[in-house]
Number of protein chains: 4
Amino acid sequence: MEQKRVKIAVVGLGRMGKRHVHTLLYRVPFAQVVAVCTNMPHEIEWAQQNEEYKDFGITLYEDYDKMLGHSDLDAVWVSTSTDVHASQTLAAMKHGKHVLCEKPLSTDLDEAQKVVDAAKGYPDLKVMAGFSRRFDDSYRDAAKKILEDRTIGKPFLERRIFVDCAIHDIDLTLWYPEDPSPKSCWATGTLQHHPELEMSKDVDNAVGVVEFWGGKIAYFLCSRTQAHGHDVCTEVTGTEGKVAINGLPRDNNVVVCDKRGMTHEVQPEYWQRFEHAFATEANEFITAILKHKPVPLPLELGQKVMQIARALQDALWTGEVSRWDEHGVRL
Amino acid sequence: MEQKRVKIAVVGLGRMGKRHVHTLLYRVPFAQVVAVCTNMPHEIEWAQQNEEYKDFGITLYEDYDKMLGHSDLDAVWVSTSTDVHASQTLAAMKHGKHVLCEKPLSTDLDEAQKVVDAAKGYPDLKVMAGFSRRFDDSYRDAAKKILEDRTIGKPFLERRIFVDCAIHDIDLTLWYPEDPSPKSCWATGTLQHHPELEMSKDVDNAVGVVEFWGGKIAYFLCSRTQAHGHDVCTEVTGTEGKVAINGLPRDNNVVVCDKRGMTHEVQPEYWQRFEHAFATEANEFITAILKHKPVPLPLELGQKVMQIARALQDALWTGEVSRWDEHGVRL
Amino acid sequence: MEQKRVKIAVVGLGRMGKRHVHTLLYRVPFAQVVAVCTNMPHEIEWAQQNEEYKDFGITLYEDYDKMLGHSDLDAVWVSTSTDVHASQTLAAMKHGKHVLCEKPLSTDLDEAQKVVDAAKGYPDLKVMAGFSRRFDDSYRDAAKKILEDRTIGKPFLERRIFVDCAIHDIDLTLWYPEDPSPKSCWATGTLQHHPELEMSKDVDNAVGVVEFWGGKIAYFLCSRTQAHGHDVCTEVTGTEGKVAINGLPRDNNVVVCDKRGMTHEVQPEYWQRFEHAFATEANEFITAILKHKPVPLPLELGQKVMQIARALQDALWTGEVSRWDEHGVRL
Amino acid sequence: MEQKRVKIAVVGLGRMGKRHVHTLLYRVPFAQVVAVCTNMPHEIEWAQQNEEYKDFGITLYEDYDKMLGHSDLDAVWVSTSTDVHASQTLAAMKHGKHVLCEKPLSTDLDEAQKVVDAAKGYPDLKVMAGFSRRFDDSYRDAAKKILEDRTIGKPFLERRIFVDCAIHDIDLTLWYPEDPSPKSCWATGTLQHHPELEMSKDVDNAVGVVEFWGGKIAYFLCSRTQAHGHDVCTEVTGTEGKVAINGLPRDNNVVVCDKRGMTHEVQPEYWQRFEHAFATEANEFITAILKHKPVPLPLELGQKVMQIARALQDALWTGEVSRWDEHGVRL
């Protein structure tokens, strides 16, 4: 007799969707990938020719609703483009499926809130947004040191670098335990790699600063590309010290010493940095389903960050400071 | 319809045996752990109470021969103490099982050779010795840089640190491509942490140097314990540079900055450093079985290293230089 | 026959003034310290008891004007508090003395400009502001890589950390070669270590962002204290890479590995980090005098930075964005 | 009135001799370089054309004895080739001059001992051998941590890398406080960069191991060249930790991040690594003269190390283990 496994489908077979399938197959023994779904012709073709998917007996769907009707399906991992995250999550819930939805639920705050609200109507379903950094060993170790061990006294300053994101993608809730309330923020950006896009008001590098009521500050660099790889760093400064995560990004433990000096490579992209965090995230989601436990992250986690990201985006576009009153109301 | 999976049993439930079961369950989707075996009372008790083993439907055996008779068993991972590696591997082969045996096959060179010879009589069986470092991303990247890209010119010097090993455990074949032939070696050791064992001629820290015909040199530090964690380093120097693997050991990407300075933690033991390498090793072994491919490492890989390790051990005990002639014969 | 040496006096014997005397005595062979000056009782007492000053034959003055009348005096190093930098520099020039004045010339931009203008009336005098970072080997190496070798393509983003400074102390001209023109800036700060000073609108940690016409961005952290030492970092990002200076601050080459992990100490303050830069600065100033060469840095270097620092300070105090038009006029 | 300065001459104007003159001129205010001496035609020509030497009023001698007769000369820094170190030091002492002699005093142990013995006949002269690493901030900090703070418990293992040296140049006394007594040693070497020299029994890379009575071990790599720069590392392991000096060699604080990864340069040679140590050494030597204090390092410091170096050299040439009895007598 073998253990019960959660039958799961992945919708969206882009760069990350394929990786989520791989994670589920190779790292999540209590999950069984029974279906994938995409309506993109090149992804359909790719999946049809995938020997491994055949070995694992994975059914390919081109229609999301049909996929939701797959026999005995328990759960869905939504990994499509952001514009359908909300509708696909809502549909899955209606069909009684557990959902792990990539962030953000929506770039529209109201639509995201609708999903949060709707989920409350399905108390038996596990619905979770995919904040993968939250599952990374280093971020968790840092959180323990900062919040439990109080290694750095009272934290008051946070610096982050994001790569391969726009400012509205800021995907980690703020670190501070006391649930900080934003007071004002400002941002500016520049378009260095694709100046032809200047008319679209798009930027590929942006710097933002957020001031909170009570004297805390967070500042960000969002960069779409970095020549040397995926160099994402977080630093939290407190009254008695600083904790840095990923201050020295590197791909592995190899250093080459030659006439140029000493060189180590940097992980090329998000996946190499967070591959293991995705496996932890998926296992904890599957365990929540099997063991009837709460999901590790509440669905509404991203809403406050989304509000800040939106205010930063407004500042970036208008050049003006965005402000909130002490009750969290945008002024 | 689901894919075929290799039914495997793990014999030995010590510290590493338990981890091998975990690796197979969580990281190797084409393997199915059907049985474990141990005759150690505390390991038996531990396994009997293990909920996860029940969830996965794993049968516990106290008798190795009975385990070999488990229905439909395909393969065995031998993770017992070194003295039974050879006999258990031989028995598994006789029963037609594929074998992944932890190194060394034996501390007795002749007995190890018997296993190597016997395996030739079972050309359909996949029999492999577990040199896990060979599957580590960093070691593989370094091997590519040194042997394929020729990043450092002609390699001639190798330095290694081993932790939690005696000198006879030296478990990596030498790096050089040209199949180096040892000329002489010497070693000395000291007993720092358990001086009461001095009568047994045991040591907990040893330094060894091997000179090869043709001008290459390898030198080693074997240390049973290190206060700061599992600090294993390999450096290969060539005529045009040096490659270092694990020169800066660390547990994760977190650095704490406080009044003492900047501190990062070090992985506490072998497992944390090589957890992912074990998963790669197990997957490649299982794939070799399923796809009828050669095992990634030949069984005889360790024999030459064992000869050198034995010569170093002799030097350590006698204080004399061990020597070989140009044909590889010990003098 | 021995070489001619520049007779120099140091005014101000605070923490840095004492160090400047030491630098001149031990690192600048073509300078001869003939006098020091202070009107602070505890500094006077300290200097009177200083055996080394006696050994070197240094005269102590309590009155700056009398010091300027010291026989054969060639030059003055102004190291007093900022409020008298301008008046002491002007007085020294009137007495025909070369001047190395610590930055800033004044916190009042008009007063600073008066010194710059007055210096033009003394073309034979070497008058220089002390931007010591400009003389640091690492900053110079980075400048060469960025500006001459074009290692990182076109630079567009700069991050700096300043320690032990207020935002008006920002003491390095911006790095970009094309003489960037500021467009807007914003800043916010917090008072963490001395909250009792909140009424004075003072802060001990501030973050500022400056946007330039043409798409460049600089952002700063100014921190009065850091628990782990003097951790000042500069990063310049370009279209093809990044250069980091002092990304890994450390006091020396020692690493301690123990049960806490691996730890290195951080230089405790500005002096340990820039001791050698001060020696280079002083030697280049003295050489300019002796060899009748231009001073290595023009006196007006700091004026544009001062304008930006003032605008950041305004933003910090008002919460509003400071702006400039394309001709550099504050709006 | 100015302070008394020690009038010093430097004999030998090779790569290091020129640097010693520079150190004395720029870093040692209580020294006055009055003369230099060399009989090498290209060094004579170079010195004759040196403007700086003229500025400082330095007299050039081609004859060492005449140099010793320079009016009012107080001290000599012997920086010639090793074969004349002993005779020049003896001659200087006979003329009543203080001497700082580069190590080794001689490659001949008996000749070196003669100098040590002779120096005892001149109790008023300061005679010192130049073990410059002993004056390096990092080595001193490590010594304090190991020997005073007992940071790593009881030290028992030492690893060193030497660059640009032969095994007989090993120039640091062993670190251990308890005056270790060697028991046995062995060494082997290889000739990688100049194989044509093989007949001379010379090597350019050598590994040596020394075992001490009482269970301590030291092992060395001596390398004449390293592709990536001057990478000298020392590690001392104790029962409770490890201290590493120069584990991460680097030229300055600059890191370049580009598509190859993250790279820092390594100091090209001994001078860049130890420039400041030479200044400290020279200042402490001059202070010993002026203040009538003992020299910071006793002249006989190098004798025991020389004995070990000689035994390692014997092992390298013969392939046999060198041994000592418990009284320090070579067997």
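The values are calculated or read from the model by the stated rules, or taken from the named source; none is laboratory data. Everything numeric in this text was worked out from a predicted model, so none of it was measured. Virtual Cβ from ideal backbone geometry, glycine too; neighbours counted across all protein chains shown. These accessible areas exclude ligands, DNA and RNA; they are computed on the full protein's heavy atoms, side chains included. Shrake-Rupley method; radii C 1.70, N 1.55, O 1.52, S 1.80 Å.
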If I take R0 = 41 Å and measure r between the Cβ atoms of residue C:327 and residue C:225 in this structure, what FRET efficiency does the formula 1/(1 + (r/R0)^6) give, to the nearest 0.05? 0.60
Mind listing P(r) for chain C? All alpha-carbon pairs, 20 Å bins, whole percents. 28, 57, 14, 0
Just to make sure I understand: if all protein chains stay in place, what is the order of B:276, A:85 by accessible area at 1.4 Å, largest first? B:276, A:85
Name the residues whose placed amide hydrogens come within less than 5 Å of the amide hydrogen of residue A:192, ignoring near sequence neighbours (fewer than 5 apart) on the same chain. A:204, A:205
DSSP-defined antiparallel bridges as percent of all bridges, chain B, nearest 5: 55
Taking each residue in B:189-197, count the Cβ atoms of any other chain within 10 Å of its Cβ, then average. What number comes out? 3
Normalised by the number of residues in chain D, what is the relative contact order in percent for Cα pairs under 8 Å and 6+ residues apart? 18
Return the single residue from A:205, A:252, A:283 with maximal mean-square fluctuation; model: Gaussian network over chain A, springs between Cα atoms under 10 Å. A:252
Per-residue mean of C-beta atoms belonging to partner chains within 10 Å, peptide C:30-43: 1
Farthest towards the positive end of the dipole of chain B, among B:209, B:48, B:80 and with Cβ unit charges of +1 on Lys and Arg and -1 on Asp and Glu, lies the Cα of B:209
In order over segment A:266-271: 3J(HN,Hα) from phi, Karplus 6.51/-1.76/1.60, θ = phi - 60°, whole Hz, x for each Gly or Pro, gives 10, 3, x, 8, 3, 4
Whole-number accessible area per residue in Å² for the protein assembly as shown, which is evaluated in the context of all protein chains at 1.4 Å: 40
Note down the Stokes-Einstein diffusion coefficient of segment B:4-60 in µm²/s, whole number, using a Kirkwood radius over alpha carbon pairs, 10 °C, and 1.306 mPa s. 141
Of the residues B:303, B:49, B:313, which exhibits the maximal mean-square fluctuation in a Gaussian network model of chain B defined by a 10 Å Cα contact cut-off? B:49
Neighbouring partner chain Cβ atoms per residue of A:261-272, average, 10 Å criterion: 5
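Rank these residues by their accessible area, most exposed first, probe 1.4 Å: A:40, A:67.
Heavy-atom accessible area, descending, gives A:40, A:67.
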Karplus (6.51, -1.76, 1.60) ³J(HN,Hα), θ = phi - 60°, over segment B:21-38, in Hz, Gly and Pro reported as x: 4, 4, 4, 4, 5, 9, 10, 10, x, 8, 10, 10, 6, 9, 8, 10, 8, 7
With only alpha-carbon pairs counted, each pair once and no self-pairs, how large is the Kirkwood hydrodynamic radius of segment C:1-149 in angstroms? 16.3
Tell me the carbon and sulfur percent of the accessible area for the protein assembly as shown, rounded to whole percent, probe radius 1.4 Å. 50
Got the residue B:153 label distances to the other copies yet, label 7 Å along Cα→Cβ, in nm, shortest first? 3.4, 4.1, 5.2
Amide H of residue A:153 versus every other amide H placed in the peptide plane: which residues, excluding those fewer than 5 positions away on the same chain, fall under 5 Å? A:240
What does the net charge come to around residue D:195 if you take all other residues with beta carbon closer than 14 Å to its beta carbon, with K and R at +1 and D and E at -1? 0
Using a basic spin-label model with each label point 7 Å from the Cα along Cα→Cβ, how many nm lie between residue B:149 and residue C:304? 4.0
Could you pull the Cα extents of segment C:257-313 along its three principal axes, largest to smallest, in whole Å? 57, 37, 11
Determine ³J(HN,Hα), in whole Hz, for all residues of segment C:78-84 in sequence, where each value follows from phi through the Karplus function 6.51 cos²θ - 1.76 cosθ + 1.60 and θ = phi - 60°; x replaces Gly and Pro. 8, 10, 8, 6, 4, 5, 10
What whole-number volume per residue, in cubic angstrom, does the convex hull of the C-alpha atoms of segment A:229-331 give? 223
The chain C residue whose Cβ lies closest to the rotation axis carrying chain C onto chain B, with that distance rounded to whole Å, is C:263, 2
Relative contact order computed over segment C:6-130 (Cα-Cα under 8 Å; 6+ residues apart), in percent: 24
Copies compared at residue B:328 - label distances in nm, ascending, label defined 7 Å from Cα in the Cβ direction: 4.7, 7.3, 7.7
Can you give the extra length, in nm with one decimal, that the chain gains between residue D:83 and residue D:318 once fully stretched, where that is 0.36 nm per residue apart less the Cα-Cα distance? 82.2 nm
Report the convex hull volume per residue for segment A:180-264, counting only C-alpha atoms, in Å³. 143
With a 1.4 Å probe and ligands and nucleic acids left out, the total accessible area lost when C pairs with B, in Å² to the nearest 100, equals 1200
To the nearest 10 degrees, how steep is helix A:85-94 against the longest Cα principal axis of chain A, on a 0 to 90 scale? 40
Summing +1 for each Lys or Arg and -1 for each Asp or Glu, what net charge is found among the other residues whose Cβ lies under 13 Å from the Cβ of residue A:184? -2
I need two numbers for the protein assembly as shown: Rg to one decimal and Dmax as a whole number, Cα atoms only, in Å. 35.1, 105
Would you mind checking the pairs B:259/D:145; A:120/A:304; A:145/A:291; B:18/B:291; B:304/D:216 and listing those with alpha carbons more than 21 angstrom apart? A:145/A:291; B:18/B:291; B:304/D:216
For residue C:32, which sequence-distant residues (separation of 5 or more, or a different chain) have an amide H within less than 5 Å of its own amide H, given hydrogens modelled in the peptide plane? C:6, C:7, C:8
